[in-house]
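A short reminder: the numbers here are calculations on the coordinates, not readings from a lab. All values derive from a computational prediction rather than experimental measurement. Cβ placement follows ideal geometry from the backbone for every residue including glycine, while neighbour counts extend to all protein chains displayed.
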Amino acid sequence: MKRLLPLLTLLLLAGCATTPKDEPTIPFTQEQSAALYKKARPPQVFGLTVYNSENGPFFAGASRLHPGQQTERPFMGKKDSLAPVVGLNGRGEEGMPALLDTTAKDNWLTARAALQLGVVMLSGPGPYVSQPQHVYDEIGGLAGLAQQVSLENLLAENVVFHVRAATGPLGPLGRWASEPAPEVVLGTAFLRAFSSVQVDYPQRTLRFSATTRYPTPAPDRLVAALPLKDVQGALAVEGALDGDPITILLDVAGDFELVMNEPPEAAIRRLSLGDLVFPPGVNVVSSMDQGLGDTTYPRIGRRLLSRFVVTFDFRGKLVYFERPAVGKSDP
């Protein structure tokens, strides 16, 4: 059989340049996966060091930013959509739909997006395989590297992505966002490289700051400031459910109010995050019904978070919840 170059193989896997809504998901064959690695490179070539962990491979030195760079990007999609999807640029491609997910440890993309971004597969000497932990998805990922991507004028270099090992869309990794459906997921492996990342739901805007520290919010707007925790790569805080202390994941991509593994009832009487107390009767749904599989920790989704401007201050290891600026509550 004629040997195919990796990029040509990806082109054949990806098909046309657009993703039909009904495009099926077909896992890579052994031959397709092997062809993908014909020109794989070791991570050390790009200045990366790989560490093994119980959560999968960790690539130290990835997602390099330029000091002082900042950007503000609007949500894509309909005006009433609160899915944090923004346009990612790279290798001549502009506006590739990228979903920000604070529960995803890794960055993900489709085979088509890997081709468009010129992703080079990484091998050391075997493939670096990852399995999503934040959603239920039996299809794993294969690590590769995009040498440069950008969010408008903000550049990020040597970004490690995990190519979903199948043709078709991202499936559960895209969190069922649509119009546009994400081709890329920016997880905490990408976000933690920044000094701060802000999700301004009322203005449907994401703000990224490479190195400039986020200033302490004004007292009249600050609702709560909480220590930012890491739970298996997901972003979390300490809170309370009906008065019982518990660790809660902040799921900016989740289209729900509250998710639990086995909800005790259909609504929670009292949910609080420090000084932030949500109105009584928070709707809670099963994690299985949301396609997340079994979950250890409850998650707060964007149907609750969207009332606030949420800032992840990675340098200060804090998360801020702020009221919208006066006169800016409506997009």
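Before moving on, here are some points about what is shown:
- Calculation over all alpha carbon pairs of the stretch 6-193 in 5 angstrom steps from 0 returns a P(r) of 1, 8, 18, 23, 22, 17, 8, 3, 1, 0 percent.
- Cα lying deepest toward the dipole's positive end in the chain, options GLN70, GLY171, VAL326, charges on Cβ: GLN70
- Extension gain for ARG91 to SER286 (0.36 nm times residue separation, less C-alpha to C-alpha distance): 66.2 nm.
- Euclidean distance of C-alpha centroids, the stretch 55-75 and the stretch 105-166, integer Å: 13 Å
- Each residue in MET260, MET288, MET121 was given a count of other beta-carbon atoms within 10 angstrom of its own, and listing them fewest first yields MET288, MET260, MET121.
- Relative contact order, percent, the stretch 196-331 [alpha-carbon distance under 8 Å, six or more residues apart]: 34 percent
- Order of HIS134, HIS66 under a 10 Å beta carbon neighbour criterion, fewest first: HIS66, HIS134
- Within a Gaussian network of the chain (alpha carbon springs, distance under 10 Å), most fluctuating of THR188, THR296, THR247: THR296
- Anisotropy class of the stretch 136-186 from Cα gyration tensor, a/c 1.5 cut: oblate
- Gaussian network model of the chain, springs between alpha carbon atoms under 10 Å - residue of PRO169, PRO227, PRO132 with greatest fluctuation: PRO227
- Comparing THR71, THR110, THR311 in a Gaussian network model of the chain where C-alpha atoms under 10 Å apart are linked, the largest mean-square fluctuation is found at THR71.
- With neighbour counts taken as other beta-carbon atoms within 10 Å, the residues LYS39, LYS79 rank, fewest first, as LYS79, LYS39.
- Mean Cα-pair separation over length for the chain, i.e. relative contact order, pairs under 8 Å, 6 or more apart, %: 18 percent
- Label positions at GLN147 and VAL129, each projected 7 Å from the Cα along the C-beta direction, are separated by 2.9 nm.
- Cβ-based net charge around ARG270, under 12 Å, with every Lys or Arg adding one and every Asp or Glu removing one: -1
- Projecting the Cα atoms of PRO27, ALA111, LEU258 onto the charge dipole of the chain, computed from C-beta unit charges around the Cα centre, puts ALA111 farthest toward the positive end.
- Note that the stretch 44-58 has calculated 3J(HN,Hα) couplings of 4, 4, 9, x, 9, 10, 9, 10, 8, 9, 5, 9, x, x, 10 Hz, one per residue in order, obtained from phi through the Karplus relation 6.51 cos²θ - 1.76 cosθ + 1.60 (θ = phi - 60°); glycine and proline are x.
- Ratio of Rg to Rh over the chain (Cα coordinates, Kirkwood Rh, two decimals): 0.97
- Taking the Cα centre of the chain as reference, the dipole from Cβ charges on Lys and Arg (+1) and Asp and Glu (-1) amounts to some 980 debye.
- Protection-proxy order for peptides 97-103, 218-224, 81-87, each taking the mean of Cβ atoms within 10 Å per residue, highest first: 97-103, 81-87, 218-224
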